[in-house]
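The values are calculated or read from the model by the stated rules, or taken from the named source; none is laboratory data. For clarity, every value in this text was computed on a predicted model and none was experimentally measured. Here the Cβ positions follow ideal geometry from the backbone for every residue, glycine too, while neighbour counts run over all protein chains shown.
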4 protein chains.
Amino acid sequence: MSDTKKEVRIGLIGAGWMGKAHTVAYRNAGVIFGDDLPILELVSDVNEAQVKVASKLLGYNRWTTNWVEVVTDPDVDLVDVSTPNSMHFEMIKLALENGKHVFSEKPLSLSGEESRILADLAKEKGVVNYCGFSNVMNPANQYVKELVDTGKLGKIMRIHATYDQDMLLDPEIAITWRHKKALAGTGALGDLTSHLLSVSQFILGDIEEVIGIESLVIPTRPVEVGSSEHADVETEDLATFLVRYKSGIIGDFTSSRVATGRKNYFYYEIQGTEGTVVYDLERMGEVQVYFKSDADVDNARDAGFRTVLLNPNHAGFKWFQPAAGIAIAFDDMKTLQAHELLQALSGAPYASDFEMGAKVDSVVSAVKKSIETRQWETC
Amino acid sequence: MSDTKKEVRIGLIGAGWMGKAHTVAYRNAGVIFGDDLPILELVSDVNEAQVKVASKLLGYNRWTTNWVEVVTDPDVDLVDVSTPNSMHFEMIKLALENGKHVFSEKPLSLSGEESRILADLAKEKGVVNYCGFSNVMNPANQYVKELVDTGKLGKIMRIHATYDQDMLLDPEIAITWRHKKALAGTGALGDLTSHLLSVSQFILGDIEEVIGIESLVIPTRPVEVGSSEHADVETEDLATFLVRYKSGIIGDFTSSRVATGRKNYFYYEIQGTEGTVVYDLERMGEVQVYFKSDADVDNARDAGFRTVLLNPNHAGFKWFQPAAGIAIAFDDMKTLQAHELLQALSGAPYASDFEMGAKVDSVVSAVKKSIETRQWETC
Amino acid sequence: MSDTKKEVRIGLIGAGWMGKAHTVAYRNAGVIFGDDLPILELVSDVNEAQVKVASKLLGYNRWTTNWVEVVTDPDVDLVDVSTPNSMHFEMIKLALENGKHVFSEKPLSLSGEESRILADLAKEKGVVNYCGFSNVMNPANQYVKELVDTGKLGKIMRIHATYDQDMLLDPEIAITWRHKKALAGTGALGDLTSHLLSVSQFILGDIEEVIGIESLVIPTRPVEVGSSEHADVETEDLATFLVRYKSGIIGDFTSSRVATGRKNYFYYEIQGTEGTVVYDLERMGEVQVYFKSDADVDNARDAGFRTVLLNPNHAGFKWFQPAAGIAIAFDDMKTLQAHELLQALSGAPYASDFEMGAKVDSVVSAVKKSIETRQWETC
Amino acid sequence: MSDTKKEVRIGLIGAGWMGKAHTVAYRNAGVIFGDDLPILELVSDVNEAQVKVASKLLGYNRWTTNWVEVVTDPDVDLVDVSTPNSMHFEMIKLALENGKHVFSEKPLSLSGEESRILADLAKEKGVVNYCGFSNVMNPANQYVKELVDTGKLGKIMRIHATYDQDMLLDPEIAITWRHKKALAGTGALGDLTSHLLSVSQFILGDIEEVIGIESLVIPTRPVEVGSSEHADVETEDLATFLVRYKSGIIGDFTSSRVATGRKNYFYYEIQGTEGTVVYDLERMGEVQVYFKSDADVDNARDAGFRTVLLNPNHAGFKWFQPAAGIAIAFDDMKTLQAHELLQALSGAPYASDFEMGAKVDSVVSAVKKSIETRQWETC
């Protein structure tokens, strides 16, 4: 990186778990990649006690309880939006209008339409607009993209993708903002499928149309733990939908937050005419790949899915481990992301932009609409 | 079995691979279960040379080249339909009209409507009407049905099912009847998905509505091996669809005959509120099961999917192997089927009846229709 | 096969489960391979009631309760020894001395020394001498042998092999001949490891020296089910040993009959300088293979163990199934064995001869000796 | 932690990759556990240029090229030995003699005898003596230890353990200190098996006697990359040995540095009378466990190995991830280790002491001796 590069001053909105994770990632990017450490200029949180503590612990120069100050502060270059989902749109919009670079956790907003506004506005302003899709940085997904882009899998025919967890299987878990339409927009779709869709967008490109189906397994939940009073759950527990990509690929996506036994089952299979690849995030370090060419020799006797262990030759891996088969952590994706973000401020390209964010949110919105209209909907 | 039971006289239509397999299964049922051996009375095939040889080799008393003789012969009790698909409807119908018991390979016909006619006619005639869904006899699927029926999996929420092969991936494979709409009706749907649907019907019951999408990857094929002349492929290479069951379960089904690297990938996952089960026919002898109750003890530290190896306590297994972990063959399903069929002639219950056959064919027809209308279609 | 070949007349000693399995296999070999059916001439068993029933059910021409009549009968060409282990030596020896072809279940005797006598005698007599090592006929093991023989795995460095079951884990299971030294010779070693050793002999050749260790987990057992009277178990529950092959390969073998959770865990890994292969009989239809050459391209990014599904191009498979990924049964190995045996009578080569049987028994004896002497022992 | 606790001043010997990793771990322990950050007082390395850079980058107060200064410096409380193996003994010994706490990478020395001297000296001095066995901190191994200690696996019968890599498979890789007896002591045994032995010691306790076998696959290597001049490799490429524990458990251990296809294959199976556990470090986040009690209900139909995904209820995991199935990194073990070490300085207990280190080294020495003497050797 250039020695003369201006130091980046960060304004963080949201001093909770995610804000802390981002700040740690900025630091780790410095240690691991030698990136210039950004200046931690200003942090805001509605909770004054929390923001005071976090400011000191994380090392921010100043704090405020008013997020508007962050997006308007002349000494902030990059606004980091790490708040709950329902605030994203307003915050990002004002930050962009003030000409700030923006790094926001997904989703950009609660609807495809609003996210589209943000993506267009970011382009108009010419600022860095980074959406926090961690899975895009996973060396496994980067490897799969390369397999697709280099043609090793041939013409892609189909994708099957699932993201299942059972964290909300217990009906005694109290209701939260995730269960409320006004606060979360959607349930499993926005929370889980969106991660699959970011990887889909990254690897396979635009989805043209969708049709879905959903299910609500636990229709009410206690208003708080142990309470006998229940409130309605307004967001879907699981949803499945068919997709047709602009390229003609067809596929199916499913997510469930009540998938008994599944913990972090982010799983997909992509089938091409020359090869097929399978990935399961619960076994983060391995990718299954089949090459049709293996069947063209010795009467197909030696062909089979290869269990490829991630190694330093796969993008990103070498920064964390020196040899294949050694476990990297999911948190390392956050470090790779912070590095890519910091490089983007110097003009380097990046995939997880607001355009990707808007497209993902647009698919989620179209799926929701298709469930209501019982029709195929364009994304 | 009753000593006074009248011996069953079989009339086989179709002396090819499947007819031979059925005849071997009748014999094996005798050896393994001690069933009375049926009388192999009459066999027909349009190919005179083939039927002569087969008749002798398989041990049939008489042969003919005219299948109508089989379904009208007074010395035939059970008509076994083992011909290509497009002839099934006509043959089964005439056999039923002549009051014969009928054992037919799936599908019953090329459309849900015709299969419904046969199912109703069979009920009216009160004869044994057995549809050859081998997977229903698989001890693994019987085990899964028991897990569902006994409530061990709780309320079923969802199914994901796939049957993928890559047998037709090579574009140089010549066109066959499977590629022609008039002869096969459908492609991957009727050939592969129907197997999944039989197991779905067996375990989860009726599907109410579907919507699908399909893809034709190899649109033309040589008219014969090595020919430069090509003909149009009229049936889908792969298809995916969403389902809603009458019980409220939702799900997705996919099949492909060009799924690179997949050989006999009959795979499904059924998620219930108390447990989840996963089965893969490529590992025929093992079933993955997760019980939520395992997570209720010791802070969920010992919970995980169990790899259950089929053993003599699973239905059907004990007739073939004395201990867990010893491989049974897919052909053993045909023996179990022949046994169940022969028992049915003495009044024993059986699941794979024409009603099941008609329901499976009706789902396939509804999926095809939904692809054309781009609407949800009732089955 | 020659039309003029003299029909083979079989004399079976032992009308129990194994004798029945052999007889069924002779029949199946006829159906599947078109082998001339042998004449089932004479069957003997000490239990008169049993031999009468078996003779009729299995279709033998004559029966006797005196096995000596079988080995001396002029109308018997091939003596089939299917009795408990402790009788093998005497029966085989007399059969050979009478110039009969012999097919015996393993082990040939209870010691390497006696088995050596039989192997030498068989050679001297020039008769067919076939030892029933079913695993040698497994298409998976045949495939591994080809990988080794063709050099695809390079120079073999090492083998790790295990055969574990937990059938005898329950201490309430009553004592049987398998627990008595005089009747069984050894425990897990002779019962389980011998299967591994047959495959080792088939694929890797002669073992030069061994040293072992053993454990007796359940030292006494009820004299019969439910009895409070206990008797001493005299044979080992588990044993592990190191080996050095004549070729320089080193390795380790283990078997246990009290291996909690293991059912039919016949598992081995063979590492060569160009590739490694892993096989697990509980997943009979798949072989894991790694080729170093896969790592020589594209920076080793696509290299990994291949999960090869057995298919019709692997020796023996095509006789049972038409496509990859369809389950064949372990019983199919017995059919392949019967076929090879019948072919051997016409002069075809076969691997599982008494020489192999003697070598396997000699390794078992050497391991037992090494446990006593606490020294490396030559096989 | 106590507010009044004296800050710990660290003196690091060795400014290479491992020294850097240790320093990062001290920092991370502070961030993740809130441990008081130690003072990075002094760092030494024979390479002056390197130690200057490292000192600045890592943040040490002072540097030197003479390690003796570190172990004698009055302002150093804890000596961190991160140099190549052959220097460990001398450095640790002098540090102990100067009354320092010592944290050393394994092995403590190149022989069991020397390591015994260090373990005894450390006890005599009453200082913290921590040996860097990272695998002991792995939540998976901690979980297995708990399964053993709580009796969930019953009486342990046997262990099978392997640590295989293929990093040195390529014969063109130049010779290094790892290939020289005087510098490395042993090959795969000390480099790889020692990791298995630390976990074995942690979970199963003391080994009483061993006998081994070894192989040298690549007897010479280029003196440097590309050179045609070769030098002798003096340390084994692979070794296997039998063990008998003081408790009566028997087992086998193997390691290879030329195990084609294996990358980080740290794998073990422990069989007890009530359960069996299998762990593979290449799938760091999952443990396979079988409980015999699962087979005691419903006719053993639901029993099978459970695939347990590590979750926050397993020791150590919760500090890194909030839910099951999310990947933690192998580097996180180093953080857990640094935390345990810093806690030890306040009197907290720790398992990886010099006693463990000496026992591991003593087993390695006994195996080496047994290979020479061809006798069982006491550890």
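Counting only strands (runs of 3 or more DSSP E) that fall entirely inside the range C:165-238 and contain at least 2 residues that are touching a residue at least 40 places away in the same chain (Cβ under 8 Å), away from every other protein chain (no Cβ under 14 Å) and closer than 27 Å to C:Ser352 by Cα, no element qualifies.
Among residues of the range A:361-379 being among the acidic types (Asp, Glu) and either within 14 Å of chain B (Cβ to nearest Cβ) or more than 18 Å from A:Leu197 (Cα to Cα) (or both), the one that is surrounded by the most Cβ atoms within 10 Å (Cβ to Cβ) is A:Glu377. Would you point out the residue of the range A:118-139, among those that are free of Cβ contacts under 8 Å to residues at least 60 places away in the same chain and touching a Leu at 6+ places or on another chain (Cβ under 9 Å), that is farthest from the other protein chains (Cβ to nearest Cβ)? Filtering first and then ranking leaves A:Glu124.
Of all the criteria given as (1) farther than 17 Å from A:Leu192 by Cα; (2) touching a residue at least 60 places away in the same chain (Cβ under 8 Å); (3) hydrophobic (A, V, I, L, M, F, W, C), the one not satisfied by A:Ala348 is (2).
Looking across the range B:140-151, the residues that are more than 10 Å from every other protein chain (Cβ to nearest Cβ) and of a type outside the set (A, V, I, L, M) come down to B:Asn141, B:Gln142, B:Lys145, B:Asp149, B:Gly151. Quick check on the range A:130-150. Is at least one of its residues outside the structural domain of A:Arg306 (by TED's automatic domain parsing) and over 29 Å from A:Leu309 (Cα atoms)? Within the range A:130-150, one or more residues are outside the structural domain of A:Arg306 (by TED's automatic domain parsing) and over 29 Å from A:Leu309 (Cα atoms).
Every condition in (1) in a strand (DSSP E or B); (2) of a type in the set (Val, Ile, Thr); (3) surrounded by fewer than 21 Cβ atoms within 10 Å (Cβ to Cβ) holds for A:Ile10 except the one numbered (3). Of everything listed in (1) among the basic types (Lys, Arg); (2) surrounded by fewer than 17 Cβ atoms within 10 Å (Cβ to Cβ); (3) more than 23 Å from C:Phe241 (Cα to Cα), the single unmet condition for C:Lys181 is (3). When the test is whether a residue is without any contact (Cβ under 8 Å) to a residue 60 or more places away in the chain and either surrounded by fewer than 20 Cβ atoms within 10 Å (Cβ to Cβ) or closer than 19 Å to B:Asp296 by Cα (or both), D:Lys292 does not pass it. Taking the criterion of being modelled with pLDDT under 95, loosely packed, with under 14 Cβ neighbours inside 10 Å and among the charged types (D, E, K, R), would at least one residue in the range A:13-25 satisfy it? For the range A:13-25, residues modelled with pLDDT under 95, loosely packed, with under 14 Cβ neighbours inside 10 Å and among the charged types (D, E, K, R): absent. Does the range C:152-162 contain at least one residue that is within 14 Å of another protein chain (Cβ to nearest Cβ), crowded, with 24+ Cβ neighbours inside 10 Å, hydroxyl-bearing (Ser, Thr, Tyr) and outside any helix (DSSP H, G or I)? Scanning the range C:152-162, I find at least one residue that is within 14 Å of another protein chain (Cβ to nearest Cβ), crowded, with 24+ Cβ neighbours inside 10 Å, hydroxyl-bearing (Ser, Thr, Tyr) and outside any helix (DSSP H, G or I), so the answer is yes. Does C:Val102 satisfy being surrounded by 16 or more Cβ atoms within 10 Å (Cβ to Cβ) and touching a Lys or Arg at 6+ places or on another chain (Cβ under 8 Å)? The answer is no for C:Val102. Using the structure shown, decide if D:Ile32 is surrounded by fewer than 18 Cβ atoms within 10 Å (Cβ to Cβ), of a type in the set (Val, Ile, Thr) and in contact (Cβ under 8 Å) with a residue 60 or more places away in the chain. So D:Ile32 fits the description; yes.
When the test is whether a residue is assigned by TED's automatic domain parsing to the domain that holds A:Ser255 and at positive phi, A:Gly126 does not pass it. Just one of the listed residues (C:Ser109, C:Ser55, C:Ser44) is under 18 Å from the mean Cα position of the chain (by Cα) and not hydrophobic (A, V, I, L, M, F, W, C), and it is C:Ser109. Looking across the range B:117-133, the residues that are surrounded by 21 or more Cβ atoms within 10 Å (Cβ to Cβ) and not β-branched (Val, Ile, Thr) come down to B:Leu118, B:Ala119, B:Ala122, B:Asn129, B:Tyr130, B:Cys131, B:Gly132, B:Phe133. Among residues of the range C:26-54 being among the small types (Gly, Ala, Ser) and assigned to a helix (DSSP H, G or I), the one that is modelled with the highest pLDDT is C:Ala49.
Within the group D:Asp206, D:Asp298, D:Asp280, which residue is surrounded by fewer than 21 Cβ atoms within 10 Å (Cβ to Cβ), within 26 Å of D:Lys155 (Cα to Cα), of a type in the set (D, E, K, R) and at pLDDT below 95?
D:Asp298
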